[in-house]
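Below is one structure, written out as structure tokens; comments come after it.
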Amino acid sequence: MRAGWLMLAALALPHGLNGDTGSGWPLWSAYSAHFVSAEGRVIDPDRNSMTTSEGQGYAMFFALVADDAPAFERVRSWTENNLAHGNLGGNLPAWSWGQAGGGAWGVLDENSAADADLWIGYSLVEAGRLWRKPAYTASGQGLLRQIADKEVADLPGAGPVLLPGRAELFSTPGHWVVNASYSPLPVLMGAAAAAPEGPWKKMAVALPGWLQRASPSGFAMDWDRDSEGIFAASGNPGDLSHPACGSYDAIRVYLWAGITDQQTPGAKEILQIFAPMARLMKATANPPEMISADGGILSRSAPAGFAAALAPFLASSGDAPGAEALLRRVDAQIDPQSGLVGKPPRYYDQNLALFALGWQEQRFRFAPDGELRVRWKN
């Protein structure tokens, strides 16, 4: 099935800002041509051409999986120079960069996004190991220390947890805001191996427990609030009018659970926590766009990226036919002109698809200890 997609994408590969990277991964080549500038800035056309640290971190990971060292360095360098004051190992990157109201381009918000920081740190450490570049390793380890110092809090009964950004912005005495999608288990394990002095191993051990408490009905929420050890679904902290639900953030919780090596301590427990989503998919076969804390479907019109994200989750949950059906749905939405998912292609759909299809095509795997294993190396 995937062979057909690969042939289609290879024949339809566009020539954009970077042209064909020669990576051997058609979806990454198409993505980098469409969304990544020649300088290494990942551009989201749907958000006024804004750049986020999330997009930069994901692009670094995908470039590493593709063995695309030039693209990795462009993205890394742009991120360091424009988001981290010239020092990724010593500063948390600003989360957003774009055109301000006066027309000038630059940092829009100096605050950090902890999930992006974690992916950037992990990708730097793994790039240093796989490409034998100690400077990358040192930078990644430095960033992991910054995250541990500034974006981690000890929650009652849960232990150390990655907060969405700087701790002082997401906590008040006895109360914390958390986002379940910000803590991929294999990345926490990889951080523990790279920085054993940090809180990472304890965070990995604690993860299933607090995910269970934050998702009692078996459905991940975008945002949760912990008040003295009691978790409850919450609206977006930046827009409290947004209803508490599982949607564009939470979809990654299932994706991370699906692409985690099942020999990783806690991996099977996390799959069991979210088994109700697997059962829902078996019953409906249609990914919901928005779901309530009790499993009620608030919106059914999920984009193609959701189908891609849930495919590894269903595969790892033992539902191979369900996973294959979702992958066929994603295949059907590949635009032969762009080689990307959807028309027009959306930034977030592509990122979910790159993770899901890259894993399904065995371009990468995570070892139980979080080490990244890539097809071009192993």
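Under 9 Å between Cβ atoms, which residue pairs at least 6 apart in sequence (or on different chains) link something in the stretch 69-82 that is open to solvent by less than 30 Å² (accessible area, probe 1.4 Å) with a partner that is outside any helix (DSSP H, G or I) and at pLDDT below 95?
Once the first residue is open to solvent by less than 30 Å² (accessible area, probe 1.4 Å) and sits in the stretch 69-82, its partners that are outside any helix (DSSP H, G or I) and at pLDDT below 95 give 71/18; 71/21; 71/23.
Residues 249, 224: which one is part of a strand (DSSP E or B), within 19 Å of the chain's Cα centre (by Cα), surrounded by fewer than 24 Cβ atoms within 10 Å (Cβ to Cβ) and at pLDDT 95 or above?
Numbers: 249 fails: part of a strand (DSSP E or B).
Exactly one residue qualifies, and that residue is 224.
Which residues, taken from the stretch 364-378, are open to solvent by less than 20 Å² (accessible area, probe 1.4 Å) and either β-branched (Val, Ile, Thr) or within 17 Å of residue 28 (Cβ to Cβ) (or both)?
364, 372, 374, listed by residue number.
Could you check residue 154 against (1) open to solvent by 10 Å² or more (accessible area, probe 1.4 Å); (2) within 30 Å of residue 134 (Cβ to Cβ); (3) outside any loop (DSSP other than H, G, I, E, B) and say which number it fails?
Result: residue 154 fails condition (2) only.
Are there any pairs, at least 6 apart or on different chains, whose C-beta atoms fall under 6 Å, with the first in the stretch 294-311 and within 16 Å of residue 219 (Cα to Cα) and the second small (Gly, Ala, Ser) and open to solvent by 10 Å² or more (accessible area, probe 1.4 Å), and if so, which?
294/217; 295/217; 298/292
Quick grid of which residues meet (1) closer than 26 Å to residue 55 by Cα; (2) modelled with pLDDT under 95; (3) among the aliphatic types (A, V, I, L, M):
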site	(1), (2), (3)
292	no, no, no
312	yes, no, no
330	yes, no, yes
358	yes, no, no
370	yes, no, no
376	yes, no, no
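Would you be able to say whether some residue in the stretch 283-291 is touching a residue at least 60 places away in the same chain (Cβ under 8 Å), over 18 Å from the mean Cα position of the chain (by Cα) and not in a helix (DSSP H, G or I)? Quick ask: steps written out before the conclusion?
Keep residues of the stretch 283-291 that are touching a residue at least 60 places away in the same chain (Cβ under 8 Å), which gives 291.
Imposing the further condition that a residue be over 18 Å from the mean Cα position of the chain (by Cα) reduces the set to 291.
The next check asks that each one be not in a helix (DSSP H, G or I); those that pass are 291.
Yes, the conditions are met somewhere in the stretch 283-291.
Would you mind stating whether residue 345 is in a loop (DSSP other than H, G, I, E, B), touching a residue at least 60 places away in the same chain (Cβ under 8 Å) and open to solvent by 30 Å² or more (accessible area, probe 1.4 Å)?
On the way: in a loop (DSSP other than H, G, I, E, B): yes; touching a residue at least 60 places away in the same chain (Cβ under 8 Å): yes; open to solvent by 30 Å² or more (accessible area, probe 1.4 Å): no.
So residue 345 does not fit the description; no.
Pull out all pairs, ordered by first then second residue, where Cβ-Cβ is under 6 Å, the residues are six or more apart or on different chains, the first lies in the stretch 142-167 and is touching a residue at least 60 places away in the same chain (Cβ under 8 Å), and the second is basic (Lys, Arg) and surrounded by fewer than 19 Cβ atoms within 10 Å (Cβ to Cβ).
Partner pairs satisfying both residue conditions: 166/150.
Taking the stretch 168-181 on its own, how many of its residues are buried (at least 16 other Cβ atoms within 10 Å of the Cβ) and in a helix (DSSP H, G or I)?
Keep residues of the stretch 168-181 that are buried (at least 16 other Cβ atoms within 10 Å of the Cβ), which gives 170-171, 176-181.
Then drop every residue that is not in a helix (DSSP H, G or I), which leaves 180-181.
Going through the stretch 168-181 one residue at a time, the tally reaches 2.
For the list (1) of a type in the set (A, V, I, L, M); (2) open to solvent by 20 Å² or more (accessible area, probe 1.4 Å); (3) within 23 Å of residue 226 (Cβ to Cβ), I need the number of the one condition that residue 138 fails.
That leaves (3) as the condition not met.
Of the residues 244, 257, which single one is among the aliphatic types (A, V, I, L, M) and either free of Cβ contacts under 8 Å to residues at least 40 places away in the same chain or not in a loop (DSSP other than H, G, I, E, B) (or both)?
Values: 244 fails: either free of Cβ contacts under 8 Å to residues at least 40 places away in the same chain or not in a loop (DSSP other than H, G, I, E, B) (or both).
Going through 244, 257 in turn, the sole match is 257.
Residue 264: crowded, with 22+ Cβ neighbours inside 10 Å, among the polar types (S, T, N, Q) and closer than 22 Å to residue 370 by Cβ, yes or no? Break it down stepwise before answering.
Details: crowded, with 22+ Cβ neighbours inside 10 Å: no; among the polar types (S, T, N, Q): yes; closer than 22 Å to residue 370 by Cβ: yes.
Judged against the criteria, residue 264 is not a match.
Yes or no: residue 64 in a loop (DSSP other than H, G, I, E, B) and within 22 Å of residue 190 (Cβ to Cβ)? Talk me through it step by step, then tell me what you get.
Values: in a loop (DSSP other than H, G, I, E, B): no; within 22 Å of residue 190 (Cβ to Cβ): yes.
No; evaluated as a whole, the condition is false for this residue.
For the stretch 277-309, enumerate the residues that are surrounded by 17 or more Cβ atoms within 10 Å (Cβ to Cβ) and within 25 Å of residue 206 (Cβ to Cβ).
Across the stretch 277-309, the qualifying residues are 277, 278, 291, 293, 309.
Using the structure shown, decide if residue 24 is crowded, with 20+ Cβ neighbours inside 10 Å and under 25 Å from residue 357 (Cβ atoms).
Numbers: crowded, with 20+ Cβ neighbours inside 10 Å: no; under 25 Å from residue 357 (Cβ atoms): yes.
So residue 24 does not fit the description; no.
Among the residues of the stretch 227-241, write down those that are outside any strand (DSSP E or B) and in contact (Cβ under 8 Å) with a residue 12 or more places away in the chain. Let's see the steps before the verdict.
Filtering the stretch 227-241 for residues outside any strand (DSSP E or B) gives 228-229, 235, 237-238, 240-241.
Matches in the stretch 227-241: 228, 229, 235, 237.
Would you check which residues across the stretch 96-148 are touching a helix residue (DSSP H, G or I) at 6+ places or on another chain (Cβ under 8 Å), farther than 22 Å from residue 185 by Cα and assigned to a loop (DSSP other than H, G, I, E, B) and list them?
111, 131, 133
The values are calculated or read from the model by the stated rules, or taken from the named source; none is laboratory data. Quantities reported herein were computed from a predicted structural model and do not represent experimental measurements. For neighbour counting, all protein chains shown are included, and Cβ atoms are generated from backbone atoms with ideal geometry for every residue, glycine included. When the accessible area is computed, the model is the full protein with side chains, heavy atoms only, and any ligands, DNA or RNA have been set aside. Shrake-Rupley method; radii C 1.70, N 1.55, O 1.52, S 1.80 Å.
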